[in-house]
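Have a look at the structure below, then the notes.
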């Protein structure tokens, strides 16, 4: 049982790190520090010939590898400003036909395309049920921002890992159920459309690659780790 919990803990921690990385990539303009970290991770993955779990993720990583190879070591203020300008255009809903709609679930799911609508309220209620206030410190961003939704799943994975470490299988499986429900009821209902819009509008290749990684990961994680709750003993949890 100890070995089983250790394996489950390791998997949950790995999933938490990926969701956190993807959430961070969508919340604010990328400074040189984040770009260096991302570039280093991409280079490390390239050294392993892109051993990623889905073709879409491999495509995204290949595009990012090409992007960072082209810039070399140019992490100058001018380059950082270029990336920040593109981030603003892609994630701030500057204007129709020039950029994607803002990255809020409510905008993509509600007929009127309004922020702070029913979808927003539903997401906020789920966060509060688990004691999270993800929008704090981000200038009044709605809770259904794509970054917060990705981060929330990562936080649930972190709590799942803690439960496995404590050999509390029931609690761990309840967190798995919460992860599955949130991905199914929220992220998968609109993330593919957002990522498609980012790919269509991106001029640098950087955000196209991130969109492929993000969509590819969420779809893979759902199909392999959450759908049917087939890994480890997740199916034993009481719903």
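Every number in this text was worked out from the coordinates using simple rules, so none of it is lab data. It should be emphasised that the depicted structure is a prediction, and the values quoted were computed from it without experimental measurement. Heads up, the Cβs are rebuilt from the backbone with ideal geometry, glycines too, and the neighbour counts pull from every protein chain shown.
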Using only Cα atoms, find the angle between the long axis of helix 118-129 and the longest principal axis of the chain, and express it within 0 to 90 degrees, rounded to the nearest 10. 50 degrees
Degrees separating the helix 77-91 axis from the principal Cα axis of the chain, which is the longest one: 60 degrees
For the chain, just the Cα set please: Rg and Dmax, both in angstrom. 18.1, 55
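Taking R0 as 22 Å, what FRET efficiency do you get between residue 98 and residue 28 from their Cβ-Cβ distance, rounded to the nearest 0.05?
On the way: r = 20 Å, r/R0 = 0.93.
Step by step, r from the Cβ atoms, then E = 0.60.
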Distance in nm between pseudo-label sites at residue 118 and residue 70 (7 Å out along the Cβ direction from Cα): 4.3 nm
So if we plug the beta-carbon distance of residue 77 and residue 36 into 1/(1 + (r/R0)^6) with R0 = 22 Å, what FRET efficiency do we get, rounded to 0.05? 0.95
What residue among 209, 33, 93 has the largest mean-square fluctuation in a Gaussian network model of the chain, using Cα springs under 10 Å? 33
Against the longest alpha carbon principal axis of the chain, how many degrees, from 0 to 90 and to the nearest 10, is the axis of helix 169-182 turned? 40 degrees
Extension reserve of the residue 10-residue 162 stretch, reckoned as 0.36 nm per residue once the Cα distance is removed: 53.7 nm
Which order do the peptides 185-194, 35-44 come out in when sorted by mean C-beta neighbours inside 10 angstrom, highest first? 185-194, 35-44
Inter-label distance for residue 204 and residue 189, nm, one decimal - labels placed 7 Å from Cα along Cα-to-Cβ: 3.2 nm
May I ask you to derive the FRET efficiency for residue 223 and residue 125 from their Cβ-Cβ distance with R0 = 22 Å, giving the value to the nearest 0.05? 0.25
